Each structure stands twice: as structure tokens, then as C-alpha cells.
Amino acid sequence: FSQRDAKFLLSAVISKHYSHLTDPEITFAGRSNVGKSSLINAVLRSASLVKTSKKPGHTSALNFFSLSSRAHPKSITVVDMPGYGFRSHQEWGKFIMEYLSTRKELQRVFMLVEAKVGELKSTDESFLDLVEQYGVSTQIVLTKIDKLKCADLEKISSKIIDAATEIAPTAVQPQAICCSSRSKAGIDHLQAEILRVCHI
Ligand code: GDP
């Protein structure tokens, strides 16, 4: 991808506002402050398409982006899900549940967990319950790995995958992707995975 390949499409909380988008789709989810905005910008190779902010919960809707490139004939839709852990679970849950349960275009959710945190929090676990319930293929992405030593990363990665697999045995993919928006480690791998799951 290059910077011009990505563009913002729309923000939405109800499905009729995004049901006309029919390209293969992937979604980024994670707790507030996990590094989601920075990671999406890195993946889309854009400095500020997704606003990064230290203020938790600055996005409160689903944000849709289109990714197309001359190298690939088909476009992909990339969705930025609001960070969980800032609204009441009920309020957050309603439109997320509608999205996860109805979105046929959705090929995979990339669920971000900060590597240094080293474990799943209760909001991560609730989210995994949802993807398991709706049968949505989900891959764990460990973020901000520049903060850790490689040896620690391997241990943390298998611990988190084990915990996630226990909650969502059919939804969770067996391999985590390890990334840093700061050092750019793992970004190419994540991009390749996005193209692969979207059959591009
Ligand atoms: P979001 O709330 O999940 O969208 O997270 P942001 O992308 O806004 O990042 C939250 C904070 O983590 C900011 O202070 C970022 O500078 C920092 N951050 C994001 N990605 C990385 C990373 O790869 N490495 C490090 N060390 N810090 C990061």
C-alpha cells in the first residue's frame, strides 16, 4: 500500500449506514490506548488518517476506510472499532453486536493487546465472548513490542493465545502477529495477512 491508496469513507453506528459497502473487510478492535490508531495509520501508511490521541475513547463509532491500490485490482474496507473500556458495556455492545452479527463482508477481526500488559483484561475477554458467539475469525495482534525484549515476547504471546483460545476456541487464530508502530516491526507481516484473508 501507499499513502494515496487509503481514504476515509464514513463513520457509522447503525448497519444501514454501511450496508452498501461490499468489499472484503477487516476490523481492528482493542482496548482504549492499546495503540490502535497508530497501528492502523502504520498499516495504511498514512501519518494521520486515523487521529491518534492520548485521550482514551476519542472514537465512539465504527470508522470505515477504503484501501485500494494499483497493484491489487480489488479494494478492501478497513474498520476502526471504538476502543472498548470507555463506555458502558451495554451502550458499546449494542452497535458492536449488530456489526459482528450481521457483517457478511467481515473476513477477520484483528484484536489488539498491548504486549507489555501481558494478559487479557476483562473487556478483552468480553469481546472474545462476542466473536466466539458470532463465529468471527479473530487474530490477536500484540502491540508496542518495541517496549519488550524478544525472549519475553514469545512467552507473553503464547500465554495470551492460550488464554484467548480458552474463551474463543473456534474464533481465535493460533498465531499472534507482533507489531510496533514505532519501530515498524511486524507491519509488513500484518499487511500481508490482511491481503491474504481478503483473498487479494
Ligand atoms: P489508541 O487509543 O488505541 O488508538 O492508541 P494510540 O494509537 O492513540 O496510542 C496510544 C499511546 O501509545 C500513544 O501515546 C502512542 O504514542 C503510544 N504508542 C502507540 N503505538 C506505539 C508503539 O508501537 N510503541 C510505543 N512505544 N508506543 C506506542
* Beta bridge orientation in the stretch 69-200: antiparallel %, DSSP, nearest 5 -> 10
* the chain: radius of gyration and largest Cα-Cα distance (Dmax), Å -> 15.5, 46
* Structure fact -> Taking Lys and Arg as +1 and Asp and Glu as -1, residues besides SER181 with C-beta under 11 Å from its C-beta add up to +3
* **Residues of type lysines that LYS147 reaches as a straight line, Cα spacing below 24 Å, ignoring anything fewer than 8 places off in the same chain** => LYS36, LYS51, LYS54, LYS55, LYS116, LYS121, LYS155, LYS159, LYS184
* Give me the percent of the accessible area of the stretch 3-197 that comes from carbon and sulfur atoms, probe 1.4 Å, all protein chains in place. => 49
* Structure fact -> Checking rank on 183-196, 115-128, with mean other Cβ inside 10 Å and highest first, the result is 115-128, 183-196
* To do: Taking amide H positions as placed in the peptide plane 1.01 Å from N, state which residues far from ILE177 in sequence (5 or more) or on other chains have amide H under 5 Å from it.
  => ILE140, VAL141, LEU142
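For the chain, report the accessible area per residue in Å² (1.4 Å probe, heavy atoms, rounded to an integer).
Per-residue accessible area for the chain comes out at 49 Å².
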* Given the Cα-Cα distance of ARG196 and LYS116 and 0.36 nm per residue of separation, how much length would full extension add, in nm? -> 26.0 nm
* Measuring from centroid to centroid over Cα atoms, what is the spacing of the stretch 131-172 and the stretch 173-200 in Å? -> 13
* Structure fact -> Between the modelled labels at ALA185 and ASP152 (7 Å from Cα along Cα→Cβ) the distance in nm is 1.1
* Using the Kyte-Doolittle scale, find the helices of the chain whose mean hydropathy is at least -1.0 and whose Cα atoms extend 24 Å or more along the helix's long axis, counting only whole DSSP H runs. => 150-167
* Asked: Among the lysines, which fall within straight-line cross-link reach of LYS104, defined as a Cα-Cα distance under 19 Å, with same-chain neighbours fewer than 8 residues apart omitted?
  -> LYS16, LYS74, LYS94
* Karplus couplings for the stretch 10-25 from phi (6.51 cos²θ - 1.76 cosθ + 1.60, θ = phi - 60°), rounded to Hz, Gly and Pro as x? -> 6, 10, 8, 10, 10, 5, 5, 7, 10, 5, 7, 8, 10, 6, x, 10
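The values are calculated or read from the model by the stated rules, or taken from the named source; none is laboratory data. Values in this document were obtained by computation on a predicted structure and should not be read as measured data. When we count neighbours, we look across all protein chains shown, and the Cβ atoms used for this are built from the backbone with ideal geometry, even at glycine. All accessible areas refer to the heavy atoms of the entire protein, side chains included, with ligands and DNA or RNA removed. Shrake-Rupley method; radii C 1.70, N 1.55, O 1.52, S 1.80 Å.
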